[in-house]
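Trainee: Sharing a structure with you now.
The values are calculated or read from the model by the stated rules, or taken from the named source; none is laboratory data. None of the values given here were measured: they were computed from a predicted structure. Here the Cβ positions follow ideal geometry from the backbone for every residue, glycine too, while neighbour counts run over all protein chains shown. Accessible surface areas use protein heavy atoms only, side chains included; no ligands, DNA or RNA. Shrake-Rupley method; radii C 1.70, N 1.55, O 1.52, S 1.80 Å.
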Amino acid sequence: MLDRNVFWCNILQASAVPFGLFKRKESEAPVELPSIALPAAGTLSIQEAQNLLRSVESAKVQELAARLAPIKESAAESMEVIESLANEMEHEKIKLEGIEQKFKSVAENARKTVVSSLRREASTELSLPQSANDAKKFKERFETMMNRLGEVSGSHSRVITAFMKKHANKMKGEFEALKKLLNETKIVMSDFEQKRAPIVKCGGILNTASQKASSIRSTEVSVQNIEKQIERIEIELEGLKNEVGALKASPEFEQATAIVQKVVEVERQEKQFHAQLTDLFSRVSRALTKYSYGLTKETEARLQMMSDEPWRMLYESDISPYSSLLIEIHKSIDSGKIQLKDSDKILNYLDVILKSLPEFRSRVQALKAEADSLRQSESGLVGRAKELEERIVQHEEELAKNRQNLEQQKRQIVEKNAEVNALLKEASDILADLTGQKYSLEY
């Protein structure tokens, strides 16, 4: 495929006859600028500022459309000429002489391709922009059309120059005119984008400010909710403190406290017996481990209990199975069935345990009965006071957490307010440059 520049060189060499079917309209005619109904200088909300900005941009687009209108009209005239050229090329007979006859099919195919392409591109409609996005489409469509025209003319430039010189000259004139119009379009669009840049920037600033303002309002609602929670917690906390204070000041609470202290002392004595019995059984643990005569699940369970928690047997209704098992172990050691290094000491400890078990059981059972009796006589006031104190601690922790969260969100509001104010000041300055009016923006 030949480069389009080669095509133009071939055409220029073929002929330098000027072409001008139509008289072009001046695309540089003065453009009447649209007027904008500006609000009076003063305070504007973000929404009002955004509406004003849209009005300014709309005016810029109208101004752009007015500048592109003569370009569009001139381009349409060139498209009409190109379409008429396509019609002429289609019906004109190609004259071939001598050796040129062998290129007949090539020339015919080239003509069909060029005619079809010219007609297709001649039907391209350039619509005047109604928005900034439309303006971009106007330029892109114009560029696409010119690229396609360049491609088809470039690929068939030699055939067109050789066999359709008259049409080549006319095409050259229209293509140059369109190229000039496209360059004018690019200049106009560049000027539009430069003028629109502060509008785009201001729009972005206002969008950011609007989002931050929305975040501030959301945080303010959250602050109000937290303040209500703090107020509720403070009221509940005061009620709990009053209740526990009144409870502890009552004579009944004093009596209940004394009972609880007695229960604690009884439980302490119980634990001492537990420890003593555990210590005694620890000294015969090797004998318990080695005993394996006639083991049943019940026997295994009792051996395990005497090894781990021997004091638990004291709370059973009958401890004779444990005593019997200890006697069997004693016999096994004494008879030599169980071989132990210090068997005499082990036998002595077993004797002590067997003699002490009844007394241990009696004392522990008595302490348990005393503790149970004390608990029944206790009114539950101490437990209630403890429950209230736990709730007080929970409320105080929740209150501290809410107060911390409240301060954090208030700081965020202050920081975001400063950010929004700075953004609105910047947007206000841009609006002043765009409209000539000074506005104070708020949210």
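Trainee: Could you tell me which of the residues 312, 302 is within 18 Å of residue 269 (Cβ to Cβ), without any contact (Cβ under 8 Å) to a residue 24 or more places away in the chain, open to solvent by 60 Å² or more (accessible area, probe 1.4 Å) and of a type in the set (Lys, Arg)?
Mentor: When all the criteria are applied, what remains is 312.
Trainee: Does segment 87-118 hold any residues that are under 60 Å from the mean Cα position of the chain (by Cα) and either over 19 Å from residue 171 (Cβ atoms) or modelled with pLDDT of 75 or more (or both), and which are they?
Mentor: Once the filter is applied, which keeps residues that are under 60 Å from the mean Cα position of the chain (by Cα) and either over 19 Å from residue 171 (Cβ atoms) or modelled with pLDDT of 75 or more (or both), segment 87-118 yields 109, 112, 113, 114, 115, 116, 117, 118.
Trainee: Now for a separate question. How many of the residues making up segment 178-216 are under 15 Å from residue 76 (Cα atoms) and touching a Lys or Arg at 6+ places or on another chain (Cβ under 7 Å)?
Mentor: 1
Trainee: Still on this structure, I have one more. Taking residue 261 as the residue in question, decide whether it is open to solvent by 70 Å² or more (accessible area, probe 1.4 Å) and at pLDDT below 90.
Mentor: Yes.
Trainee: Only one of these conditions is not met by residue 256: (1) surrounded by 15 or more Cβ atoms within 10 Å (Cβ to Cβ); (2) modelled with pLDDT of 90 or more; (3) within 60 Å of the chain's Cα centre (by Cα). Which number is it?
Mentor: Only one criterion is unmet by residue 256, namely (2).
Trainee: Now for a separate question. Taking residue 213, is it touching a strand residue (DSSP E or B) at 6+ places or on another chain (Cβ under 9 Å), under 30 Å from residue 431 (Cβ atoms) and surrounded by 15 or more Cβ atoms within 10 Å (Cβ to Cβ)?
Mentor: no
Trainee: Ok, one more. Just need a number here: residues in segment 390-443 that are in contact with a helix residue (DSSP H, G or I) (Cβ under 6 Å, 6 or more places away or on another chain), modelled with pLDDT under 95, open to solvent by 70 Å² or more (accessible area, probe 1.4 Å) and not aromatic (Phe, Trp, Tyr).
Mentor: Count: 1.
Trainee: Has segment 284-303 got any residue that is under 60 Å from the mean Cα position of the chain (by Cα), assigned to a helix (DSSP H, G or I) and not small (Gly, Ala, Ser)?
Mentor: Taking every residue of segment 284-303 in turn, none turns out to be under 60 Å from the mean Cα position of the chain (by Cα), assigned to a helix (DSSP H, G or I) and not small (Gly, Ala, Ser).
Trainee: Which one of 384, 361, 375 is open to solvent by 80 Å² or more (accessible area, probe 1.4 Å) and either at pLDDT 90 or above or among the charged types (D, E, K, R) (or both)? Break it down into steps so the answer makes sense when it comes.
Mentor: Values: 384 fails: open to solvent by 80 Å² or more (accessible area, probe 1.4 Å); 361 fails: open to solvent by 80 Å² or more (accessible area, probe 1.4 Å).
Residue meeting the stated conditions: 375.
Trainee: When segment 264-306 is examined, which residues are found to be out of contact with any helix residue (DSSP H, G or I) (no Cβ under 8 Å at 6 or more places or on another chain) and of a type in the set (S, T, N, Q)?
Mentor: Of everything in segment 264-306, those that are out of contact with any helix residue (DSSP H, G or I) (no Cβ under 8 Å at 6 or more places or on another chain) and of a type in the set (S, T, N, Q) turn out to be 272, 282, 292, 296, 304.
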